[in-house]
Structures are given as C-alpha cells and as structure tokens.
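Trainee: To start, I am sharing the structure in question, which I have written as structure tokens.
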Amino acid sequence: MIKKEKFASIVTELADFLEVEITLEGTPEEQADAFMKAVEEVPSEDEGKLPESVIDLYNSFADNKLAAVDWGNGEKGKAEKPSKKIKKVKKEEEKPTPVKKTPPVKKEIAPLTKKVPPKPAKVEKVKVGKVKKEKKVKEPIATSRYGHREGSVAAVMDEMLWKGVTLDEAVASLVKLGKAKERAKGMFLAHIYYLPDKKNVPIDKPKDEKGKYKAKKAETDV
C-alpha cells in the first residue's frame with residue numbers, strides 16, 4: 001500500500017510519459033478508474049515502455065483497487081480484475097568488452113635541456129552575448145475523433161459509436177482485441193457514460209438490447 005501523495009506522484013510520471021495532462025478528482029474509486037483508463041489507452045506494443053512505478057500501481061489496482069492506496073479515509077473494497085496485467089520488459093545487460101593488455105613500451109629518455117618559456121601572447125577580450133535556446137517542439141499525438149490516443153481501446157470504441165453499434169457487436173469487437181467478455185461489456189458501457197459526461201458528445205441509446213448506440217456528433221468539440 002502506498003500513500004495518497006505517492007499515488008499523485010505516479011500519476012504525474014504517467015502524464016509525462018503520455019505527454020498529456022491528467023487531473024485527479026472525484027472519489028478514490030473514480031481516481032483509480034481514471035488512472036487505469038489512461039494506462040489502458042496506451043497501445044499494447046508500448047505497454048512495456050511505461051515507467052515501472054506506473055506498471056506496479058496498475059497491477060496493484062487490478063488486484064484490489066481501493067486497498068492499493070492509503071486514501072486516508074478508511075475506505076476498503078475489492079475491484080473487478082481486468083483481463084490481463086502489464087508485464088515488465090527486462091532490459092538486457094550489456095557485457096563489458098574484454099580489454100587486451102599490451103606489454104609496456106620502453107622509452108628512451110633524452111638528456112634534459114633547459115627550455116625557455118615563450119612570451120605570453122596578448123589575449124583580446126571578446127564580449128559573448130547570451131545564446132538563446134530553441135524550444136523543443138513536441139510532435140502532436142494522433143488522436144481519435146473524440147480525443148483518444150490512436151491505437152487505444154477507447155479510440156476503437158469512439159469509431160464504433162460514431163458509425164453506430166449494438167452492445168453485442170461492441171463486445172465481440174473488444175473480445176477480438178484480447179478483452180474478456182464481461183470486461184469488454186463493462187468497458188463499453190463505461191465509455192457510453194464517459195463521452196457525454198467528459199467529452200460533451202451525446203449518445204443515442206436504443207430502446208431494446210438489439211438496437212444500436214449512436215454518437216450524435218461526427219467530430220469532437222473538445
């Protein structure tokens with residue numbers, strides 16, 4: 001278990017890695033959900049590049065969401081486990097190159113002669129102005145039509161909702177991406193709540209289970 005302050009520090013590390021701004025707000029469970037959602041938006045091939053502290057905290061949340069952090073309010077609870085945990089990528093250790101020893105070379109010592117030091121040359125003072133450092137421009141991150149990182153699960157769900165999709169179709173698509181069926185269903189229903197609440201993108205909900213969920217906007221105004 002880590003302190004709430006350490007949790008905030010790890011969130012900052014994740015924000016620096018993603019080059020985005022992450023705001024902590026809401027209940028402890030909402031903050032933990034926001035952290036896990038940000039990690040899950042990272043493309044699978046880049047998960048191993050995440051900071052170790054971020055991976056460790058994500059896996060701790062996966063085991064027991066509210067027990068992973070000392071929130072300071074005595075809250076405890078068991079969270080649903082995701083389909084997988086993030087594995088750390090072991091870095092290969094570089095073996096030092098053996099150095100070949102060469103026998104010492106005998107030097108012939110010439111007789112000492114008195115050296116006359118040359119007269120010091122006059123040094124002209126040159127005024128040096130301040131050098132302006134050019135600001136490094138960060139390359140823009142490719143995002144989906146509703147502002148999620150391309151290649152992430154959230155971006156896939158954005159595209160499905162823009163075209164219109166039933167619950168069964170959405171779950172089937174997420175299962176193909178490696179998500180467990182119940183986990184996929186939960187992620188899709190959470191996304192339907194997230195877009196109107198956080199991105200101001202209204203969603204038309206079907207009247208029956210076979211109907212389609214459809215986003216009302218073609219482009220995000222965020």
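Trainee: For the range 1-98, please list each of the helices (runs of 4 or more DSSP H) lying entirely inside it that holds at least 3 residues being small (Gly, Ala, Ser) and either closer than 20 Å to residue 194 by Cα or modelled with pLDDT of 80 or more (or both). Walk me through it before giving the result.
Mentor: Values: elements: 4-18, 28-40, 52-63.
Of the helices (runs of 4 or more DSSP H) lying wholly inside the range 1-98, those with at least 3 residues that are small (Gly, Ala, Ser) and either closer than 20 Å to residue 194 by Cα or modelled with pLDDT of 80 or more (or both) span 4-18, 28-40.
Trainee: Please work out if residue 168 is of a type in the set (Asp, Glu) and part of a loop (DSSP other than H, G, I, E, B). Spell out how you get there, then give the answer.
Mentor: Working: of a type in the set (Asp, Glu): yes; part of a loop (DSSP other than H, G, I, E, B): no.
Criteria not met by residue 168.
Trainee: Here is a follow-up. Quick one: how many residues across the range 158-202 are in contact with a strand residue (DSSP E or B) (Cβ under 6 Å, 6 or more places away or on another chain), surrounded by 15 or more Cβ atoms within 10 Å (Cβ to Cβ) and over 22 Å from residue 43 (Cβ atoms)?
Mentor: The number of residues fulfilling the criteria is 3.
Trainee: Continuing with the same structure: Conditions: (1) modelled with pLDDT of 85 or more; (2) touching a Ser or Thr at 6+ places or on another chain (Cβ under 7 Å). Residue 147 meets all but one. Number of the miss?
Mentor: Of (1) modelled with pLDDT of 85 or more; (2) touching a Ser or Thr at 6+ places or on another chain (Cβ under 7 Å), only one is false for residue 147: (1).
Trainee: Look through the range 29-43, keep the residues that are of a type in the set (A, V, I, L, M) and touching a strand residue (DSSP E or B) at 6+ places or on another chain (Cβ under 8 Å), and return whichever of them is nearest to residue 153 (Cα to Cα). Don't jump to the end; show me each part of the working.
Mentor: Step one: filter the range 29-43 for residues of a type in the set (A, V, I, L, M), giving 32, 34, 36, 38-39, 42.
With the extra rule that they be touching a strand residue (DSSP E or B) at 6+ places or on another chain (Cβ under 8 Å), the set shrinks to 32, 42.
Values: 32: 18, 42: 8 Å.
The extreme case among them is 42.
Trainee: Could you list, in sequence order, the residues of the range 188-222 that are in a helix (DSSP H, G or I) and at pLDDT below 90?
Mentor: Going residue by residue through the range 188-222, those that are in a helix (DSSP H, G or I) are 188-198.
Answer for the range 188-222, where residues must be in a helix (DSSP H, G or I) and at pLDDT below 90: 188, 189, 191, 192, 193, 194, 195, 196, 197, 198.
The values are calculated or read from the model by the stated rules, or taken from the named source; none is laboratory data. As the structure is a computational prediction, the values presented were derived from the model and not from experiment. Cβ coordinates were reconstructed from backbone atoms using ideal geometry, including for glycine residues, and neighbour counts include every protein chain displayed.
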